[in-house]
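Peer 1: After the structure tokens below, expect a handful of questions from me.
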Amino acid sequence: ALRQKGYRLWAIEDAPTAVPLFTAVAGTNADPPLALIVGNEVTGVDPDLLALCDRILFLPMQGRKRSLNVTIALGTAVYHLLYS
């Protein structure tokens, strides 16, 4: 339904095809509208939904941790998209 309304579908997920958020969005046009998709901390984004996404992004991190709380990850991504 969102795609039919002209939305781009981007997921935030630690997936093999994911690209770093901070480099992937450089120079990205704000149009058309964007829908950010996040999953939960345990199972992530459903693979069937990931297959529909135009882009899969991850937040680069230092150290051994590979994930953030989903609220923190989404807030960081939205801030970066709005103010970069």
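Peer 1: Do you know which residues across segment 6-25 are touching a residue at least 24 places away in the same chain (Cβ under 8 Å) and part of a helix (DSSP H, G or I)?
Peer 2: Leu21, Phe22, Ala24
Peer 1: Hey, among the residues in segment 36-53 that are of a type outside the set (S, T, N, Q) and either in contact with a Gly (Cβ under 6 Å, 6 or more places away or on another chain) or within 11 Å of Ile12 (Cα to Cα) (or both), which one's surrounded by the most Cβ atoms within 10 Å (Cβ to Cβ)?
Peer 2: Per the criteria, the residue is Cys53.
Peer 1: Among residues belonging to segment 45-84 that are among the small types (Gly, Ala, Ser) and either under 16 Å from Val19 (Cα atoms) or in contact with a strand residue (DSSP E or B) (Cβ under 8 Å, 6 or more places away or on another chain) (or both), point out the one that is modelled with the lowest pLDDT.
Peer 2: My answer is Ser67.
Peer 1: How many residues are aliphatic (A, V, I, L, M) and either without any contact (Cβ under 8 Å) to a residue 24 or more places away in the chain or over 15 Å from Leu2 (Cβ atoms) (or both) if we restrict to segment 34-49?
Peer 2: Of the residues in segment 34-49, 1 are aliphatic (A, V, I, L, M) and either without any contact (Cβ under 8 Å) to a residue 24 or more places away in the chain or over 15 Å from Leu2 (Cβ atoms) (or both).
The values are calculated or read from the model by the stated rules, or taken from the named source; none is laboratory data. All figures in this text were calculated on a predicted structure; none of them were measured in a lab. Using ideal geometry, Cβ is built from the backbone for each residue, glycine included, and neighbour counts are taken over all protein chains shown.
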